[in-house]
Structure formats: C-alpha cells, structure tokens
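Report on the structure given below.
The values are calculated or read from the model by the stated rules, or taken from the named source; none is laboratory data. All values reported here derive from a predicted model rather than from experimental measurement. Note that we place each Cβ from the backbone using ideal geometry, even for glycine, and neighbour counts take in every protein chain shown. Only protein heavy atoms, including side chains, enter the accessible area calculation; ligands, DNA and RNA are left aside. Shrake-Rupley method; radii C 1.70, N 1.55, O 1.52, S 1.80 Å.
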Amino acid sequence: MSLLVVGLSHRSAPVSVLERAALTADAQVKLLQDTVAAEPAAEAAVLATCNRIELYADVDKFHAGVAELSTLLAQHSGVGLEELTPYLYVHYEDRAVHHLFSVACGLDSMVVGEGQILGQIKDSLARAQDVQSAGRLLNDLFQQALRVGKRAHSETGIDRAGQSLVTFGLEQLARGGDVQQWARGKKALVIGAGSMSSLAAATLARAGVAEIVVANRTLDRAERLAQILMDGDDTDVAARAVPMESVPAELTRADVTVSCTGATGLVLTAESVTEAIEGRTPAPAAGPGEDGPGAPGGASGSANGSGERRGGASGTSLGSEDGCPLDLSAVQGTAGFSVLGEAAVAGMAAADLEQHAAWVDNGSVGGDRRAAGGTAPRPGQTGTLDPAADTDAIAALAATVATVGRIPERRRPEPVEEPQRPEPVLFLLDLAMPRDIDAAVHRLAGVRLVDIESLAEASAGAPMAADVDQVRRIVSDEVAAFGAALRAAHITPTVVALRTMAADVVAGEIARLDGRLPGLDDKHRAEITQTVRRVVDKLLHAPTVRVKQLAAEPGGAGYADALRTLFDLDPETVAAVSRAEDSTTEKDRGPA
C-alpha cells in the first residue's frame, strides 16, 4: 500500500473554484466513508481549510487511486470533474509526505508561517479517527506532521515570516499600518463562533477595540465566546452575543466586521451593506471633468442611449469612460481592483454585464473615442472590431459566467490617476469559504472589504524570512526519517514471521530428539535446546538486521518480497503478524 494525496489549494486554483468546491463537515464525513469503501483505498483523511481541500489515502494502485480520489472529490464538492481536474495536484509516497509536512509548517499557507494549520490538521485526524477511516499509515503520518510543525515553530523563527490569516487580514484592512492604532476604540461585529471567528474576536480584543458583538445561528455558542472575551485577563473589551437576526441592526453600529461562517449562501449582500452605511458615507471629491457630489449615478449604474447614467446604490458619481457601466471613481482605489477584472463585474445585472463585456473587448476605443475626448486604444488593440467578433466576445463572457459564476481576470488596465475616495466608515473582513460577503461590496464607496481573494493577491508578493530555508531543511530531514521508518516497518512483519518459522523449526527438532532419546535428562535437553536456538539466532541475525537497513533506503520496498520468497513464508502468516501489530498500535496510540 502507498500514500496518495489529491487536492487543490490557493496555489493551484482560483478562489472562485475553491469557493464552490468547499466541503461542509457532513460532506467531509461522507467523503471519508466513500473513499475507504472504494476499491483502491484502505485508509482516508480529508484536510479541508479555507484555502485548500486535500484527500489523503492509502492505495494499492496509483493510477486507479488518482482516478477514484479525483472522482470522489468532484462528486462531494459539487464541481464537475472536467472543470475540477485542471486545478488538481497529485503527490505520491515521499512527495505526499513532504507536502503534508510543508503544510504543517506553514510553508504552503497563504500567509507563510501561520500556525493555525496545525489545529486544522489535528481536527482532520480526529475526524478520520471518529469515522475509523484512518489506519496505521495515516495515524502515524498526521501525528508526525503535527510534531514536525511544532518543531518548526519552536526551533526557527518561521512565525516571523508570517502570521495568522486573521492578523494578516486586519493588517490589510489597516492598509499595512499599526493594527492596534487602527483598531483602538472601534466597535466590532464578529459573525460566527467557530475556531476562525473565535481567533478573530480574540485578536480584535487584544488589538484594543472597545466593543465586540458576536452573532451566531446558535446563540449559546455566541454567548460562550462573548463570556470568554469578557473574562480574558489581557483585555478589558465589552462583549455581548446576539442572534443572527440582529446582524443588520448591529451592522449599522459597527466600524469593523469579521465574518466566517459555514453558510453556503451570502451572509451580507451588497444591499444590506449599502443600507448599513446609509448616512455614514461622506461624498468623494469631484475629479477633473466630473460633476460634484450631487450628480446622479451609483456603483451599479449604466449608460443609456443619450449618454446619461442610471442611478445606483452608492450615491457617487460615475466615471467618464465611454460605454463603461462602472463607477470608476468608487472602485479604482480598491486593492487588487482591475477595471477589466472579476471584482468589477461581481453582482452586475445581466444588461450591464453585456455592456461591460462590450466595453472590455470593443475596438471602438480607437479614433471615435479620441475624437470624443476619450483615451487612445490600449496596446495591441485596433481602432475597430468586427461586429461578429464583438458578439463572440460577449457570448464567451456570458458562457464563462454561466459556468463559473463570474468573469475571470482577462487583462490589466493601463495605469490611471486614481480619483479621491472617501475614507471607509465600515471595514469588512471575510474569511469564509465559500464567501460570506458579496464581492460587489468592493464597489461601494465608504466600505473597505478584504476577502480570501484579495488576501491571496496581497500575500503573493510578501517577503519570506530567512527562517523559511531552515524550516525547509527540517522538512527534508523529517521526510527522509519518516520514509525510512515506514519502509523499515513494512518489512518488520516479514522478519517476525521468519523468526517465528525458525522457532517452530527448532521446537519441532527438539520434539523429534525427545522421541529418539527418551532417556535424555532435563539438564542435557535444556542445553541442547539452548545451543540450537543460539545457532539459529546467529544465522538469522546478520541477514535480518541488514535487510531492515536495506528496506529503509529508497527503493527498498522489494526486500520484504524477496525475504518471503527465499524462505517460502506463508503470506497469510505475514499478514496476521501485521494485523496483530496494527491492533497493538491502535491500543497504545494516544489521542491526536
């Protein structure tokens, strides 16, 4: 049997795919059950976090295992196999071990060095143990991964290379400034009472917010979290719990909101956020050539045939790009924003979507627009586009939306002078997968939203500390040690079966001697028995020690088969020894 992992993460898949492939707790349990019921797999464990979904299994066939695990992931995630396959990665045997150890150390996290992944690995192992899908291999693997992760954090400064996703998210809300100075005195709303929400609440409390309101579908859990925050020795924050129904009202009072629930739909829509900030949003300064704050328009407005704009929710003036249905002044200051990208069109009405698609790919940005005071064509564009080609572009975008639910990034705009935007009056941090907060909120003036997608963009260029190299060496050493131990353990049942067979041969020969020499006294019988056993032990000692050493080396898996063949060992006897060892190990194994 061999270790196989099939998965996808923020490194291999866009957030939109991860969002749709997210697994609920019940779906993870069902996935484990179906995996061990499948023919190629004997053990299974699922590691599912906000930015990764990985299925680990002990399989007897590589290709059949990859096909089965990929199919099961697609079935339980609800994303079609053909769509999911391009984003999947596969690791086998030592590479699979290396991958999990790297994950445990925080090397593969969105924020390098964050330690929360250790708790998530522990939860994954506990779930597999509860379902009884984790056998000897995965129990040993995950427990060793936890030890390797703890070693990396205790022996190196990997913690300095990054921080928890919560802390990183708050730093993004504060635009890289001092989080404590930014948070001091603010009123916070935390939606959800799970591990991530609890971490967010505790981090906000230590940062110095004045008040934390915890909202959760189960009020008891919200009340427990609020009480823990109130009882904390290192904070003096005021905390209280409210039911989920109170979120709209609490949102009108909040300065910062963190949401991380297990909901499959949106918790905060663009409309609810718009209502929450009504009357709190200062008007942006008018840019050159724009009307003042009283001009009609909004974040979701669009142009009509006469060049006038339809109003929207934000109350801000529209940009001057011909044919673009966006409020450019409201959105171009958003971190990671691209006028041509998915953040721009999230939540847009169908008619506006077609108009935006036409604006993106329309060649009319040529001479006609320059004559009207517009900008010159972007590099690589011609002055005009064939109408049929324009229609195809719109159809392609519409098909993309129908398939993946949003328009992917197509190209970056030229640098533009960013107009002034009002300072945010509401800060939103969405740590849920799938997302809790409507991506269209990015376009609202007076709101700053940081979600998993924008965190991924911000972390991509984050500097890595020198300690990362030291952690990589630790991972490599631990992978080699684990592989050697695993291969050595693989041959142990064969060695035990060989010694058992030798002991049976000795016992048989002593019994035959008793039959031939019935008058042999006990003293001489014992001496002869001891002599024969010593001879057998000495003959077996060097070969069994050496075969364990050879089996522990890479490529040494075949030595067990060779030993069984040379000594004509019964495979069922070897299997029985292995089952007995597994049973003993399970009894001796402590909690994860």
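What single numbered condition from (1) assigned to a helix (DSSP H, G or I); (2) of a type in the set (Gly, Ala, Ser); (3) free of Cβ contacts under 8 Å to residues at least 40 places away in the same chain; (4) within 27 Å of Leu125 (Cα to Cα) fails to hold for Ala200?
That leaves (3) as the condition not met.
What do you reckon, is Ala241 crowded, with 20+ Cβ neighbours inside 10 Å, over 23 Å from Leu173 (Cα atoms) and touching a Leu at 6+ places or on another chain (Cβ under 9 Å)?
Judged against the criteria, Ala241 is a match.
Which of the residues spanning segment 518-547 are touching a helix residue (DSSP H, G or I) at 6+ places or on another chain (Cβ under 6 Å), open to solvent by less than 100 Å² (accessible area, probe 1.4 Å), under 22 Å from Pro493 (Cβ atoms) and free of Cβ contacts under 8 Å to residues at least 40 places away in the same chain?
Matches in segment 518-547: Val536 only.
Can you tell me which residue in segment 4-33 is farthest from the chain's Cα centre (by Cα), limited to those that are within 13 Å of Leu72 (Cα to Cα) and open to solvent by 30 Å² or more (accessible area, probe 1.4 Å)?
Gln33
Considering only residues of segment 504-517 that are without any contact (Cβ under 8 Å) to a residue 12 or more places away in the chain and under 60 Å from the mean Cα position of the chain (by Cα), which is nearest to Ala481 (Cα to Cα)?
Asp504
Kindly evaluate Ile228 against the criterion of being among the β-branched types (Val, Ile, Thr) and in a helix (DSSP H, G or I).
Against the criterion (among the β-branched types (Val, Ile, Thr) and in a helix (DSSP H, G or I)), Ile228 qualifies.
Give Pro424, Pro419 a once-over and let me know the one that is buried (at least 19 other Cβ atoms within 10 Å of the Cβ) and at pLDDT 85 or above.
The conditions single out Pro424.
Looking at segment 244-268, which of its residues are touching a strand residue (DSSP E or B) at 6+ places or on another chain (Cβ under 8 Å), open to solvent by 20 Å² or more (accessible area, probe 1.4 Å) and among the β-branched types (Val, Ile, Thr)?
Thr261, Val267
Quickly run through segment 123-141 and pick out the residues that are surrounded by fewer than 20 Cβ atoms within 10 Å (Cβ to Cβ) and farther than 14 Å from Ala57 by Cβ.
Asp123, Ala126, Gln129, Asp130, Gln132, Asp140 - these are the residues of segment 123-141 that are surrounded by fewer than 20 Cβ atoms within 10 Å (Cβ to Cβ) and farther than 14 Å from Ala57 by Cβ.
Please count how many residues of segment 203-225 are buried (at least 19 other Cβ atoms within 10 Å of the Cβ), in a loop (DSSP other than H, G, I, E, B) and within 27 Å of the chain's Cα centre (by Cα).
Of the residues in that region, 0 qualify.
Quick one: would you say Gly177 is assigned to a helix (DSSP H, G or I) and either in contact (Cβ under 8 Å) with a residue 12 or more places away in the chain or out of contact with any Ser or Thr (no Cβ under 8 Å at 6 or more places or on another chain) (or both)?
no
Considering only segment 52-98, state which residues are touching a strand residue (DSSP E or B) at 6+ places or on another chain (Cβ under 6 Å), assigned to a loop (DSSP other than H, G, I, E, B) and open to solvent by less than 60 Å² (accessible area, probe 1.4 Å).
Leu88
If you go through segment 104-111 one residue at a time, do you hit one that is crowded, with 20+ Cβ neighbours inside 10 Å, touching an Asp or Glu at 6+ places or on another chain (Cβ under 6 Å) and outside any helix (DSSP H, G or I)?
Scanning segment 104-111, I find at least one residue that is crowded, with 20+ Cβ neighbours inside 10 Å, touching an Asp or Glu at 6+ places or on another chain (Cβ under 6 Å) and outside any helix (DSSP H, G or I), so the answer is yes.
Is it true that some residue in segment 153-164 is open to solvent by less than 20 Å² (accessible area, probe 1.4 Å) and within 22 Å of Tyr56 (Cβ to Cβ)?
Within segment 153-164, none of the residues are open to solvent by less than 20 Å² (accessible area, probe 1.4 Å) and within 22 Å of Tyr56 (Cβ to Cβ).
Quick one: in segment 244-279, which of the residues that are in contact with a Leu (Cβ under 8 Å, 6 or more places away or on another chain) and in a helix (DSSP H, G or I) is nearest to Val179 (Cα to Cα)?
Going through the qualifying residues, I end up with Leu251.
Which numbered condition in (1) part of a helix (DSSP H, G or I); (2) hydrophobic (A, V, I, L, M, F, W, C); (3) closer than 20 Å to Gly157 by Cα is the only one that Ile121 fails?
Result: Ile121 fails condition (3) only.
Within segment 34-44, restricting attention to residues that are in a helix (DSSP H, G or I) and of a type in the set (A, V, I, L, M, F, W, C), which residue is least open to solvent (accessible area, probe 1.4 Å)?
Of everything passing the filter in segment 34-44, Val36 is least open to solvent (accessible area, probe 1.4 Å).
Do any residues in segment 146-162 that are more than 8 Å from Gly106 (Cβ to Cβ) and of a type in the set (S, T, N, Q) have Cβ atoms under 8 Å from those of residues that are open to solvent by less than 20 Å² (accessible area, probe 1.4 Å) and at pLDDT 85 or above, where the two are at least six apart or on different chains, and which pairs are they?
Thr156/Val471; Thr156/Ile474
Just for segment 112-122: of the residues that are among the small types (Gly, Ala, Ser) and surrounded by fewer than 23 Cβ atoms within 10 Å (Cβ to Cβ), which one is modelled with the highest pLDDT?
Gly119
Spot the failing condition for Glu423; the list is (1) more than 18 Å from Pro248 (Cα to Cα); (2) among the charged types (D, E, K, R); (3) outside any loop (DSSP other than H, G, I, E, B), and only one is missed.
(3)
Test Glu457 against the criterion of being crowded, with 19+ Cβ neighbours inside 10 Å and closer than 30 Å to Ala13 by Cα, and give yes or no.
Judged against the criteria, Glu457 is not a match.
Taking the criterion of being at pLDDT below 90 and under 27 Å from Val97 (Cβ atoms), would at least one residue in segment 526-544 satisfy it?
For segment 526-544, residues at pLDDT below 90 and under 27 Å from Val97 (Cβ atoms): present.
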